[in-house]
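Reading through the structure tokens given below for one structure.
The values are calculated or read from the model by the stated rules, or taken from the named source; none is laboratory data. Every value quoted in this text rests on a predicted model; they were computed, and no experiment measured them. Cβ placement follows ideal geometry from the backbone for every residue including glycine, while neighbour counts extend to all protein chains displayed.
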């Protein structure tokens, strides 16, 4: 193997790819391959290298291994190091294989035909590029997983005789984001949140549960519009709430996505239904020139068919292979980065979370977790997660502004949307789901219980219509259990001072703990 390409890194460095190393060392694995072969891909969240001392050092976005871990200064050496210690970066690997061409990979396989890492690389070359190598099928070697399940989430897998591997990649060549099996994610999965949710609702009477479900559904729909900065009329909110309530009933397809977009938009006079037929971005326009100022650039419109079909294929298979919340994060955030519609992407993106959780039977039957409401409460964190990847993409996309305020992407960007590290997105969504189950669901059922007790006691005291009782409760709740002077002198001027005192006492006894 040729080592000349790696000779310029024969001395330790203190800064690499704009990141300071915790101590002087040598880049290794993906960090080295990205630089040597000048590959334009987002940097991994953690770069790897070789330190000068015999201890593992982590920090500042680096993991430095000891000198005994140092790979040989060759393409194969750094590829094997990457697979062993860094997992799969499919976007980098695909662009690397395109840059090297087939010959170096064929040479690696010919030199070590039974090697487990080499056979994984052989499979990945053909799977990512769609081009078979001029090699006979592997005749020997223990069958190995393509994805190390201890490093990254994976599918159940199917045996591939050609390379004697198990293809346990969680997606397909057109859409396959990866998620690292972090300690936090695994610990959260081990909490068995599905069981916790079921234990909560098992204690709730059926009539109260039905009201809770209806309330949570409406809350999620309202929150989804609020995230977009919209104050939609109640009929649109209710219509979208009904759509969310049906999430998971229909298989995902191009037609289904377009149907959802029409439900979101309603009035299509200024928003053409269907997938984009031009470029797209999220951001602003220059006040003087009207030119695009993007914070996120969407996938090119002519890449949409393959990306959407890959996403749909992932949705129909992943629910049985991946953890439901991880699968929901991959699908939903993948969709919103692709941004296939002119408008409505954000709400459909959050709908897809419900779609995946329901398909996987993660939700208790008939109940929709108000994930959008939790996202709204974590809106800054949500934006940080979205922008964390978008900001990595912007420097890699060659684009030009158009006079109509849109933009045109000039380079091939499809792989940025089909292969990305969705670990931050999965962790964020799990935080939202965890909060929904451990906090929001119990609080909503407790709210309705206390409200019912308050209402029954007031009805034994005073005869008033239901809508007036609701108004009374809202006034008390907004003013910490006291009727304001305005309410006493206007809406409830018919009440005596003694009745007001009793009402306020009842509220304190039943509802003072409500948030």
Among (1) part of a helix (DSSP H, G or I); (2) surrounded by 15 or more Cβ atoms within 10 Å (Cβ to Cβ); (3) over 32 Å from the mean Cα position of the chain (by Cα), where does residue 440 come up short? (3)
Across segment 309-345, what is the total count of residues that are assigned to a helix (DSSP H, G or I) and at pLDDT 90 or above? 23
Segment 37-60 - residue that is out of contact with any strand residue (DSSP E or B) (no Cβ under 9 Å at 6 or more places or on another chain) and modelled with pLDDT of 90 or more and, of those, nearest to residue 87 (Cα to Cα): 41
Can you name the condition, by its number, that residue 313 falls short on among (1) in contact with a strand residue (DSSP E or B) (Cβ under 6 Å, 6 or more places away or on another chain); (2) under 27 Å from residue 155 (Cβ atoms); (3) buried (at least 19 other Cβ atoms within 10 Å of the Cβ)? (3)
Flagged in segment 246-263 as assigned to a helix (DSSP H, G or I) and either surrounded by fewer than 20 Cβ atoms within 10 Å (Cβ to Cβ) or not assigned by TED's automatic domain parsing to the domain that holds residue 317 (or both), in numbering order, are 254, 255, 256, 258, 259, 262, 263
Would you confirm whether or not segment 51-58 contains a residue that is closer than 25 Å to residue 395 by Cβ, buried (at least 16 other Cβ atoms within 10 Å of the Cβ) and outside the structural domain of residue 396 (by TED's automatic domain parsing)? no
Total residues in segment 398-420, condition touching a strand residue (DSSP E or B) at 6+ places or on another chain (Cβ under 6 Å) and either crowded, with 18+ Cβ neighbours inside 10 Å or free of Cβ contacts under 8 Å to residues at least 24 places away in the same chain (or both): 6
Check on residue 215, in a helix (DSSP H, G or I), more than 23 Å from the chain's Cα centre (by Cα) and either closer than 27 Å to residue 410 by Cβ or assigned by TED's automatic domain parsing to the domain that holds residue 341 (or both): yes
Can you tell me which residue in segment 132-168 is surrounded by the most Cβ atoms within 10 Å (Cβ to Cβ), limited to those that are at positive phi and over 29 Å from the mean Cα position of the chain (by Cα)? 164
Counting only residues in segment 226-236 that are at pLDDT 80 or above and over 16 Å from residue 436 (Cβ atoms), the one farthest from the chain's Cα centre (by Cα) is identified as 226
What's the number of the condition residue 108 fails, among (1) in contact with a helix residue (DSSP H, G or I) (Cβ under 7 Å, 6 or more places away or on another chain); (2) at pLDDT below 95; (3) surrounded by fewer than 21 Cβ atoms within 10 Å (Cβ to Cβ)? (3)
Answer yes if at least one residue in segment 363-374 is free of Cβ contacts under 8 Å to residues at least 24 places away in the same chain, over 25 Å from residue 186 (Cβ atoms) and not in a helix (DSSP H, G or I), and no otherwise. yes
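So that you can scan it fast, the table gives a plain yes or no per residue for (1) surrounded by fewer than 22 Cβ atoms within 10 Å (Cβ to Cβ); (2) touching a strand residue (DSSP E or B) at 6+ places or on another chain (Cβ under 7 Å); (3) at pLDDT 95 or above:
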position	(1), (2), (3)
89	no, no, yes
92	no, no, yes
96	no, no, yes
102	yes, no, yes
112	yes, no, no
119	no, yes, yes
124	no, no, yes
128	yes, no, yes
Residues that are more than 30 Å from residue 200 (Cα to Cα) and touching a residue at least 24 places away in the same chain (Cβ under 8 Å): find the helices (runs of 4 or more DSSP H) completely inside segment 445-515 holding 3 or more of those. 497-511
Let me spell it out: the conditions are (1) touching a residue at least 24 places away in the same chain (Cβ under 8 Å); (2) surrounded by 15 or more Cβ atoms within 10 Å (Cβ to Cβ); (3) not in a helix (DSSP H, G or I), and residue 232 meets all of them except one. Which number is the exception? (1)
Of the residues in segment 282-304 that are in a helix (DSSP H, G or I) and in contact with a strand residue (DSSP E or B) (Cβ under 8 Å, 6 or more places away or on another chain), the one that is farthest from residue 434 (Cα to Cα) is 301
I need the full set of residues from segment 264-273 which are touching a residue at least 40 places away in the same chain (Cβ under 8 Å) and surrounded by fewer than 18 Cβ atoms within 10 Å (Cβ to Cβ), in order please. 271, 272
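Each row is one residue, and each column tells you yes or no for (1) assigned by TED's automatic domain parsing to the domain that holds residue 297; (2) farther than 27 Å from residue 237 by Cβ; (3) over 16 Å from the mean Cα position of the chain (by Cα); (4) at pLDDT 95 or above.
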residue: 357; (1), (2), (3), (4): yes, no, no, no
residue: 371; (1), (2), (3), (4): yes, no, no, no
residue: 382; (1), (2), (3), (4): yes, no, no, no
residue: 402; (1), (2), (3), (4): yes, yes, yes, no
residue: 409; (1), (2), (3), (4): yes, yes, yes, yes
residue: 425; (1), (2), (3), (4): yes, no, no, yes
If you scan segment 48-62, which residues turn out to be farther than 17 Å from residue 35 by Cα, under 33 Å from the mean Cα position of the chain (by Cα) and not in a loop (DSSP other than H, G, I, E, B)? 57, 58, 59
Given the criteria loosely packed, with under 14 Cβ neighbours inside 10 Å, assigned by TED's automatic domain parsing to the domain that holds residue 243 and modelled with pLDDT under 95, does residue 210 qualify? yes
Residues of segment 330-345 being touching a residue at least 40 places away in the same chain (Cβ under 8 Å), under 18 Å from residue 223 (Cα atoms) and either more than 12 Å from the chain's Cα centre (by Cα) or surrounded by 23 or more Cβ atoms within 10 Å (Cβ to Cβ) (or both), in sequence order, are 332, 333, 343, 344
